[in-house]
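Supplied in structure tokens, the structure appears directly below.
Read-outs throughout are calculated quantities, based only on the coordinates presented, and are distinct from any laboratory measurement. Since the structure is predicted, the reported quantities are computational estimates derived from the model, not experimental observations. Counting neighbours? That spans all protein chains shown, and the Cβs are built from the backbone with ideal geometry, glycine included.
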Amino acid sequence: MRSLFLCVCLFACTPLVGQDEPTTRHMNLISWQEFQEFVPHKINTVLLPVGTLEPHGVIPNGSDNLAPEAMAKELAPRLNAMVAPTLNYGITGSMSAYAGAFSISEAAYRLFLADILKGLAKNGFLNIIIINGHGGPQTAVQRAVAAEISHSHRVRTLAINWWTLASKQTFDVFGQNGGHAGNNETAYIQHIVPKHIHPERYSKEMTTPYPRDGSWAAVPFPSSIGLYEPGQGYPTFEKAKAKEYFEKVNNRVFALIKDVIHKWDLAGLYKTGK
């Protein structure tokens with residue numbers, strides 16, 4: 001009986017060397033021993049969700065965080081990637097005056113993001129994929145910092161604005177353009193956290209089309225729902241379309257990441273010291 005007990009203890013304490021899948025793909029949850037067993041020998045790609053806190057009509061203020069986080073979680077096994085903790089605070093601009101909004105200065109954001117990317121490179125990741133949920137000046141900063149870290153640390157970086165990338169999928173599902181907290185973003189978030197969507201609070205008066213001709217600029221922006229086209233992009237709150245949109249967006253983002261990594265590999269970039 002005692003020998004059986006010792007065998008069980010030894011088995012339980014033995015690291016799972018040679019396992020094909022990690023017990024988790026979340027850097028927040030994995031132990032350092034298991035991380036060391038997988039990165040970078042078996043996993044060399046990391047997904048970094050980034051966003052901010054700002055108003056989104058009748059969906060959560062953290063929608064810019066929730067969307068890329070859910071995307072990374074769903075795509076990680078398909079891409080054989082780890083998921084880094086979400087960078088929840090960003091550069092909120094013309095909507096920073098709304099209740100619950102939060103903004104980091106561009107200077108602080110640039111330095112913080114650079115250190116995060118350096119840390120991911122230091123930990124052995126070759127492919128660092130930024131899945132961004134928030135636009136404005138944040139996009140330019142991300143792309144500039146990602147390029148700098150790629151050159152200085154010889155890693156491969158890709159920064160994605162998912163809603164722009166998935167523009168075709170928005171038209172495929174809704175037959176029209178979307179918007180900030182419009183039909184597209186509302187649908188994606190509805191599929192993730194349906195209990196935190198409040199259609200009873202919605203009215204069309206909460207929407208304003210963005211000026212495409214540069215004819216005016218209001219700060220704060222007068223509505224928490226900004227439409228890309230006048231008369232298009234109003235939230236629909238349809239469960240079936242929310243599910244369809246979630247799946248189509250994820251497939252589009254997956255296809256891009258897979259294609260870019262494949263072409264990096266074909267060129268041998270940074271894989272063999274090139």
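Using a Gaussian network model of the chain with C-alpha springs under 10 Å, which one of L75, L158, L111 is most mobile by mean-square fluctuation?
Judging by the Gaussian network model, the answer is L111.
Given K42/K248; K204/K258; K73/K168; K73/K122, which pairs have Cα atoms separated by over 31 Å? Mind showing how you got there, number by number?
Details: K42/K248 28 Å; K204/K258 39 Å; K73/K168 23 Å; K73/K122 22 Å.
Beyond 31 Å between Cα atoms: K204/K258.
Whole-Hz Karplus ³J(HN,Hα) for the range 74-91, in order, using 6.51 cos²θ - 1.76 cosθ + 1.60 and θ = phi - 60°, x for Gly and Pro?
Ordered by residue, 3J(HN,Hα) equals 6, 8, 3, x, 5, 9, 6, 10, 9, 10, 7, x, 5, 8, 7, 10, x, 9 Hz.
Filter the trypsin sites (Lys or Arg not before Pro) in the range 22-123 to those in DSSP coil with at most 13 other Cβ atoms within 10 Å of their Cβ, and list the result. Before the final figure, lay out each step's value.
Numbers: sites: R25, K42, K73, R78, R110, K118, K122; in loops: R25, K42.
Qualifying residues, ordered by number: K42.
Report the label-to-label distance for A267 and H196 in nanometres (one decimal), using points 7 Å from each Cα along the Cα→Cβ vector.
The two pseudo-label positions are separated by 3.8 nm.
Which far-off residues, 5 or more places away or on another chain, put their amide H under 5 Å from the one on L53, with H placed in the peptide plane?
Here the answer is G90, F102, since their amide H atoms fall under 5 Å of that of L53.
Within the range 158-253, report the chymotrypsin sites (Phe, Trp or Tyr not before Pro) that DSSP leaves as loop and that have at most 11 other Cβ atoms within 10 Å.
Details: sites: W162, W163, F171, F174, Y188, Y202, W216, Y228, F237, Y245, F246; in loops: Y202, W216, Y228, F237.
Hits after loop and neighbour filter: W216.
Now, a different point. Which residues' amide hydrogens lie under 5 Å from the amide hydrogen of A159, considering only partners 5 or more residues apart or on another chain, with H built in the peptide plane?
Result for A159 returns I130.
Translational D (Stokes-Einstein, µm²/s) of the range 17-76 at 25 °C and 0.890 mPa s when Rh comes from the Kirkwood sum over C-alpha pairs?
Working: Rh = 13.3 Å.
Translational D for this selection: 184 µm²/s.
Then there is this: Got a sec to turn the phi values of the range 170-180 into Karplus ³J(HN,Hα) couplings, 6.51 cos²θ - 1.76 cosθ + 1.60 with θ = phi - 60°, whole Hz, x for Gly and Pro?
4, 5, 4, 7, 9, x, 6, 6, x, x, 5
Restricted to Cα positions, what overall size does the range 32-263 have along the principal axes? Three whole-Å values, descending.
Each principal axis gives a Cα extent; for the range 32-263 these are 53, 38, 31 Å.
A follow-up question, please. Rounded to the nearest 20 Debye, what is the dipole magnitude of the range 32-263 about its Cα centre when Lys and Arg each give +1 and Asp and Glu each give -1 at the C-beta?
On the way: 21 positive and 19 negative charges, 113 e Å.
Taking the Cα centre of the range 32-263 as origin, the dipole is about 540 debye.
What are the ³J(HN,Hα) values, in whole Hz, obtained from phi via the Karplus relation 6.51 cos²θ - 1.76 cosθ + 1.60 with θ = phi - 60°, for each residue of the range 207-212 in sequence order, with x given for Gly and Pro?
10, 9, x, 6, x, 8
If you don't mind, another one. Aspartates and glutamates within cross-link reach of K241: Cα-Cα under 15 Å, excluding same-chain residues under 8 positions apart?
D172, E185
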